[in-house]
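Okay, so here's the structure we're looking at.
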Amino acid sequence: MPVNRTAVAAAVAVLALAASACASEKATGGASAQPSAAAGGDGVKTGPGVTADTVTLSLLTDLTGPYASLGKSLTQAQQLYFEQLNRAGGVCGRKIETVVRDHGYDAQKAMASYAEVAPKTAAIPQFIGSPMVTALKDKITTDKILTIPMAWATGLLGSEAIQVTGTTYDVDMVNAVDFLMAEKGIKSGDTIGHLYFEGDYGQSALDGSKYASEKQGLTLVEQKIKATDQDMTAQVAAFKKAGVKAVLVSVGPRQTASLVGVALAGGMDVPFVGSNSAYSPQLLQTPAAPALLKDFYYVTAGAPISAPLPVYQKLITDYQAKYAGQPLDSGVAAGWTAAMIVGDALKKACEAKDLSREGILAAHRSQKAWEGGLGGTPMDFSVYDKPASRASYVVKPDKDAVGGATIFKEAAESDLAKGYAVPAAG
């Protein structure tokens, strides 16, 4: 299927406009400073972010930067979850309040937002961006705030307070190489490419592709770009010159659209396998869609929202009822899952009558096989120096599926991934 390069460039522009249009409610919510940990009248130990009536949670998101559409979906799904939790009685008789801050994928803004909300926050169910969470890792650890990053870099491991969900980027790329060799005809001696962002996300993914390539006798051609780069013409030319048989993709959706569109238009007809952050269903509304539908896949620890799971089926109905016309993408599923993880930690902490930050963390880390009705491999939250799971789904874009993607291969931990030593976190 031929793809016009001008059309692909237009698609990138459309995505940029869509991202900026997604920024509703850049900053919402707030709370007064909270007292130090103490037992309330009901005998429940409390702490920052917890009063006799409320539990305050903060969502540090991107509503105006490169992941604006993802941030909007994550935030709306989480607000829906906590609204439903409140209707069910809340936690320990307390209502959940959410504070939303938009950092626009800017580390300095993220640090300022964290400094503002941390003193009055019990937990952070969403923090977008490896660079942002990495910059605050020591602070989050010291503050003992249970934090769910919407990022999967290995550098985020090693903190009791930070829960990287599912796999890390490197583990996904190891499983991706295994998939290419098992089902896409890649064999020892072949050359493959890897397009990746500079920084923690790209470096983590590259660690996995390097390991797998070396183990399987493949030559790896690297192309590193910045998050602000939009046109992948030069990178495609480099891959084509090297004769790559497949390309791994660890960038954002806009760069993915340019990459696959330019590649196919230039006659480079190879399979592409992306990290979980490389795809958005909004891409299927652009001229890049034919190239994506042809031979693009992405690997992820979480099942797509189209998976036939009762939890997702109810989520789809409830989300569409509250946010009519809004896209159902991976952010909806990921946001809901992270909210469930924090919600379950709060419930367990309530049972122990300890809603202090330490109590919430202890409750969360006591879970060794959390699954939440979401399929895949249960996650082990009792350890924090290695991934909670090593099993990845292979997912394929599908214009007719809810959320624009379907499971191509069920979650599995490859033999390559089993033998992979995840780098120690700094």
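Every read-out reported here was derived from the displayed coordinates using simple, explicitly stated rules and does not represent laboratory data. Source: prediction; values computed, not measured. Counting neighbours? That spans all protein chains shown, and the Cβs are built from the backbone with ideal geometry, glycine included.
Side notes on the structure shown:
- Amide H to amide H distances under 5 Å link residue 218 with 189, where only residues 5 or more positions off or on other chains count and H is placed in the peptide plane.
- Whole-Hz Karplus values for segment 202-209 come out as x, 5, 4, 4, 5, 4, x, 5 Hz, taken residue by residue from phi with 6.51 cos²θ - 1.76 cosθ + 1.60 and θ = phi - 60°; glycine and proline positions read x.
- About its Cα centre, segment 194-318 has a charge dipole of approximately 200 debye under the convention of +1 per Lys or Arg Cβ and -1 per Asp or Glu Cβ, with nothing else charged.
- Summing charges over all other residues whose Cβ lies under 11 Å from the Cβ of residue 418, with Lys and Arg as +1 and Asp and Glu as -1, gives -2.
- The chain - percent relative contact order, Cα under 8 Å, separation 6 or more: 19
- Taking amide hydrogens as placed 1.01 Å from N in the peptide plane, the amide H of residue 55 sits under 5 Å from those of 95, 96, 97, each at least 5 positions away in sequence or on another chain.
- The alpha carbon centroids of segment 334-364 and segment 107-175 are separated by 16 Å.
- C-alpha center-to-center spacing [segment 251-315, segment 42-80] in angstrom: 28
- Residues 314, 215, arranged from fewest to most other Cβ atoms within 10 angstrom of their Cβ, appear as 314, 215.
- Label-point separation in nm, residue 324 to residue 234, each point 7 Å along Cα→Cβ: 4.8
- Charge-dipole axis of the chain as Lys and Arg at +1 and Asp and Glu at -1 on Cβ define it, positive-most pick from 264, 159, 123: 264
- Anisotropy class of segment 341-418 from Cα gyration tensor, a/c 1.5 cut: oblate
- Sorted by Cβ density within 10 Å, fewest first, the residues 340, 132: 340, 132
- The computed percent of Cα pairs over 27 Å apart for the structure shown corresponds, within (i) 57; (ii) 49; (iii) 52, to (ii).
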